[in-house]
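Encoded as structure tokens, the structure appears first; notes follow it.
The values are calculated or read from the model by the stated rules, or taken from the named source; none is laboratory data. Quick caveat, the model's predicted, so the values are computed rather than measured. Here the Cβ positions follow ideal geometry from the backbone for every residue, glycine too, while neighbour counts run over all protein chains shown.
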Amino acid sequence: MTDSLSPAFHPIEDINRLDLSRHALVEASAGTGKTYTIENLVVRLLKEDPDVGLENILLVTFTEKATSELKVRIRQKIEQSLDHDPDLTDMARQKLGESLDGFDNAAIYTIHGFCHTLLKEFPFETGSLFVQEVVDDAPLLGKLLHEAMRSDWPHRYGHRLETLLALSNYSAGADAFVETATALAQRLSGDPSREEVIPDPATLDVDSLWQAAERTILALKDLVGTPPRLADGYGRLNINKRSRAAILRDMVVPLEQALETVGPGTCRLVEFQAVVAAFGARHSSGRRNIDRLVPEKWLKAGDNLHECPHLAAIRDRLDTLIRLFSDLSHVLMLNSVDRLQKDARETKTRNGWLSYQDMLSRVADFLDGAGADDGIRKIRNRYRVAFVDEFQDTDDVQWRIFSRLFLHDGHDAPDNRLFLIGDPKQAIYAFRGADVFTYLEARQRMANLAGKGRANLYDLRVNWRSTPELVDVFNRMFGQADWFGTRENRGPFDIGYAPSASPDSQPGPCETGCDRSKRPPFNIIDLTSAKSHASAKRLLAETICREIRYLVGQGGIRIADGEGRDRALHFGDIAILVRSQSEFALIEPLLVESSIPFAYYRKPGLFQCRQAHWLSMVLRAVWTPQHAATVRMALLTPFFDMSPAGLGAWRELPAAHASLRLLERWHADARDRRWGPLFQSVMEDSGLTLRHCTDAGWERTETNLQQLFDFLEEAAYSRNLDGGGLVALLDSLRLTGVGAGPDADIHQIEDEGDKVQILTMHVSKGLEFPVVFIAGGLTVRNDSGLQVYHALDAGRPERVCRRVIDLTAATGREQAEKENIDENKRLYYVAFTRARLKLYIPYFPDGRNYGWLGPVCRFVSTSVEQAFKNASGALPSGAWHDAGSTAPSPHERTRRGDDGTKARLNLPTGALLPGTNDFRGRKVSLESFSSIGRWIRRSPVGHDHQPASFRLVDGMGHEDDEPAAAPSTGPADPDVSDGLPGGARMGSMFHHIFENIDFQTVVAGPTDILAHDASRNIIRSAMALYRIEPLWTAPIARMVAATLRMPIDLDGRSLVLGRLTPSRRRHEMEFYFPLATSEPGGTPVPGCTLSAGRCREMMIRGFVDLVFRWQGRYCIADWKSNRLSGGYGQDDMAGEMAAAGYDLQYQLYTVAVLRWLKHQLGDRFDPHRHFGGVFYLFIRGMGAGGADGVFHVPPEQLLPLERLQEIINQQIAGIQW
């Protein structure tokens, strides 16, 4: 069928031109304003049709989120019309007002919600109870299947079960078997007019198949004869020597060996599984091995088939045996599916349960059944107009419902109207049961109605999302014959592509106010220099990281959002799209190494994570501490970290042992349902945080556990669960993921902030981002499961086709592969069209026909070639990025400045704290702190101060962490108590390291950070810069690692500095502000400059080593490398703080930081809630590996800010307090 649709689609730019008096199909390409169209059409109906009120309009979409959005948008549109439409008639204004008053009764549903409403309204007609509990089919079917495995299978199949399990490959993939069986039980309708299952379940009688297989094997034994008769004869055939040897080795000899022990009553089918598989397998030539058994080509000596006189008959029997074994291999699956469907119906009927699929199927059966006319008439009278959103995600059952209710071909058709809105190019949910062919059938039916003047076909073609340059790229690529093809050249059941346009004058939703990146909107990452697909994946990930850092740090991109705001591009504006979750693992570590903050967008699987498994074992032990086996399992979890060897002595532990007392206390909490204290104690008192906070991935572990605790606590209280019920709930969620509620299974992000979003292409549908990187699809997993395809049904031309589910994978191979490729084309269409400003796609063509080649190699790269291979379609300058070039690695921590000197990598700027565009430009002033401090200290008390003139000093100036050492031209003295030399150069070196090293790599990387190239280079370069002897490299590295990995206990919570992501910290924050009108006294201020201006107003200038955000609070930190002779306990550090004048220093730092935060955040910032105090981090104490070295000044000691300001003024004036 290749005729074009008639009549054609009408492009719609003005929504007011759409005819509301007829049925309509509206195809809305990506970014063309589908929701905007729906809300305007609804309001138009209310204003223009006097017979249609809001209660007469049905709106159906496919997710709860979409229904909520539609409700908000339509309500707002009604309000806007009432407030701003001067042309409203009095009648229309009254009608809109009434609609607004009764808006809570608007019929805006998901498809399941709509069907549930009909079931409650027509309980007798649909066979529904007045009150039914909604359940999910998947866990119920899984439970029923496992029950059948235990009880029904042994009884039903007896001694044959072992063979059937082997033939079905159950032992190698039990989970896959269960998943496939439950999926088929949910989706097979049993209607032969709509679907075909191969093999036909009606023919799979196990007794008949088994007996036929035994007869065939016995017949084969008679034909083959006594070994090695067949092998000897085959060895004398005049055929190619190599082929003959391979057939003898792989087929003939194994066949004789298998037949050797066969006799009446001694035929074991399982022993023939390997032989049958070998004959049924395909040769590299594409032919089955069995088809090579009888030679077709002979050597010059000629045909001598008489050496194997029964060879053709043997082949025929083997062919029969292959078919019988194939059928037997599917007996368990298809019989189980049939049994599951029956058992599920009985179980749900007996318990008054109703599944989501039952809602649809019962309504569809009711509407198709006899006596439904009266009910249909009532529904039509209530809903005069129906809108179905996201119609490309429909299936056959849903289309039966809508077409039966609102489409009628007779002359007496009611005056109902059906509006279908969707985009077949975005039909990407086949794995959920959505069927794009159902959409195409509906489109064909609408086209037929349009030919009769009863419907219209419309296109939304103006893309309001992407830049005109991107829209042009989309038109070139998607309109190619190898992608969607143009609509003019397609058949009625091909999707086709209608070119999109950009708005004539109105700005889009996201305009660039400035862009100095020299990157065009469309960018291609050329991976052809990679030697393999694995290296291409790595190269792609590295290039993406490099580009992200460039765009955010040096691209000079500013975004105007259309509301008068202009801001710099940040990490949160960027999305990385992958094809499958397995591709997350490659990009994540490179983002960490590149110091790029990132988060997973709606990553599912919380209840399947390992933390949920640990928690399940611990809670089970808490509830049943008398079960020794349960307790032993809990002791092995990271909550206790007991070794398997230590479990043997568990029975011998005294009753007062800490672990037993802890379990006893937890059991009491669970018994009394004190869930909050229980979960807090499990997290803190178990020692989990203390032992594992420096582990790689701890931040994710901590977040997962906290999310699990929050969910379980809420569930326990709301559902009135005891400990056993809570354990059962968690185990159920771990196994099925069903019943947790919307979004409960989605991983929460570790913290807020601007982060690159990583998400799958499927999840990205409905979203948009200024910058999009396509990071997946170079390879795919071979799909070795069901083969599903669609076949045209010549006997029923009104239907598009019949769905075929071929478990044997023997039919429709080409059609199934084509449909799979088409699904991927639609998926990549969705991925590409998420971009608003810039899009990056990989280029790695591979014309081979391997099943593991991904979409990027199969069609994306060739589409790039075809769209841009000629001069008229050439890409703009800078669009082609050679990933294999010698561009700097994103992981380098240093680079060369314009003058050839070493320069530092820019830190990311974000919402946390201000940062300069170039960190290099202020290094000299940074190093001048102590020099100025010495100048202040040399000034005598009572000196007639003159205005201070700030002067630059050498970049080698030292920090004020410790007293200045005597000048020395030799190496630092290694004979010191803590193993490291002293002196100011050592303090400056540590500052340099902490300013530049990747914190997260230190924590998540190798134990010895010198094994990590970037970390090792930073440490060595800092030592060289400050003339520290190389022999101290290892001790310095250990001290740096220990400092960043050390858990700092704060009110029972653990802070690990190395876990602070770049977006949550800012190094070397500069401040300069007026302090007081009094003249400075003789008190020196470490790290600050005091100067008196012409107006005798004191100005203070300095740098804060580190400001970071943790647990919702902003904290100040200062690195100190002072060596304290008495140790690094709290008393020793307090003495050093007082002696060195650090108390005034941290007071000044506090004023500076709090002033800035208040200025930036306004009333949102409350110092009493959002300030976490000041930390003095004595590196030598922290690096010793203990719990010392951290001096914390709590916020209560510093606030309120006004009092602190007064104290500082007194000190600076020389007044002691």
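Here Tyr170, Tyr109 are screened, and the one residue that is touching a strand residue (DSSP E or B) at 6+ places or on another chain (Cβ under 8 Å) and at negative phi is Tyr109.
Does segment 756-772 contain at least one residue that is crowded, with 16+ Cβ neighbours inside 10 Å, at pLDDT 85 or above and on the phi > 0 side of the Ramachandran plot? Checking segment 756-772: at least one residue is crowded, with 16+ Cβ neighbours inside 10 Å, at pLDDT 85 or above and on the phi > 0 side of the Ramachandran plot.
Every listed requirement among (1) β-branched (Val, Ile, Thr); (2) modelled with pLDDT of 90 or more; (3) closer than 17 Å to Asp515 by Cβ is met by Ile559 save one, (2). Given the structure, is Glu271 within 25 Å of Ser326 (Cα to Cα) and free of Cβ contacts under 8 Å to residues at least 40 places away in the same chain? Criteria met by Glu271.
Of the strands (runs of 3 or more DSSP E) lying entirely inside segment 6-120, the ones with 3 or more residues being over 30 Å from Trp353 (Cα atoms) are found at 10-12, 23-28. Only residues that are surrounded by 15 or more Cβ atoms within 10 Å (Cβ to Cβ), at pLDDT 90 or above and either part of a helix (DSSP H, G or I) or within 29 Å of the chain's Cα centre (by Cα) (or both) were counted across segment 187-212, and they come to 5. The number of residues in segment 1099-1147 that are under 16 Å from Val1190 (Cα atoms), charged (D, E, K, R) and part of a strand (DSSP E or B) comes to 3. Going through segment 1041-1099 one residue at a time, which ones are surrounded by fewer than 18 Cβ atoms within 10 Å (Cβ to Cβ) and either at pLDDT 85 or above or farther than 26 Å from Gln1205 by Cβ (or both)? The answer is Asp1049, Asp1051, Gly1052, Arg1053.
Within the option set Glu125, Glu121, being assigned by TED's automatic domain parsing to the domain that holds Val72, surrounded by fewer than 16 Cβ atoms within 10 Å (Cβ to Cβ) and out of contact with any strand residue (DSSP E or B) (no Cβ under 8 Å at 6 or more places or on another chain) holds for one residue only, Glu121.
For (1) modelled with pLDDT under 95; (2) surrounded by fewer than 21 Cβ atoms within 10 Å (Cβ to Cβ); (3) farther than 22 Å from Val436 by Cα; (4) not assigned by TED's automatic domain parsing to the domain that holds Ala183, each residue gets a yes or a no:
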position: Asp358; (1), (2), (3), (4): yes, no, no, yes
position: Ala372; (1), (2), (3), (4): yes, yes, yes, yes
position: Arg377; (1), (2), (3), (4): yes, yes, yes, yes
position: Val388; (1), (2), (3), (4): no, no, no, yes
position: Thr394; (1), (2), (3), (4): yes, no, no, yes
position: Arg400; (1), (2), (3), (4): yes, yes, no, yes
position: Pro414; (1), (2), (3), (4): yes, yes, yes, yes
position: Phe419; (1), (2), (3), (4): no, no, no, yes
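When segment 977-1023 is filtered for residues that are assigned to a loop (DSSP other than H, G, I, E, B) and among the polar types (S, T, N, Q), the ones remaining, listed by number, are Ser977, Thr1007. Of the helices (runs of 4 or more DSSP H) lying entirely inside segment 339-426, those containing at least 2 residues that are within 30 Å of Gly766 (Cα to Cα), of a type outside the set (Val, Ile, Thr) and in contact (Cβ under 8 Å) with a residue 12 or more places away in the chain span 356-368, 396-406.
Conditions tested, residue by residue: (1) outside the structural domain of Arg1045 (by TED's automatic domain parsing); (2) touching a Cys at 6+ places or on another chain (Cβ under 7 Å); (3) in a strand (DSSP E or B); (4) buried (at least 17 other Cβ atoms within 10 Å of the Cβ).
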residue	(1), (2), (3), (4)
Tyr1149	no, no, no, yes
Leu1154	no, no, no, yes
Leu1157	no, no, no, yes
Leu1161	no, no, no, no
Arg1169	no, no, no, no
Gly1173	no, yes, yes, yes
Leu1177	no, no, yes, yes
Arg1180	no, no, no, yes
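Residue selection: Thr180 satisfies the criterion of being at negative phi, touching a residue at least 60 places away in the same chain (Cβ under 8 Å) and within 39 Å of the chain's Cα centre (by Cα). Taking segment 301-328 as the range and being within 19 Å of Arg236 (Cα to Cα), among the aliphatic types (A, V, I, L, M) and in a helix (DSSP H, G or I) as the test, the residues that pass are Leu305, Leu311, Ala312, Ala313, Ile314.
Evaluate the following for Leu440: is it assigned to a strand (DSSP E or B) and buried (at least 18 other Cβ atoms within 10 Å of the Cβ)? No.
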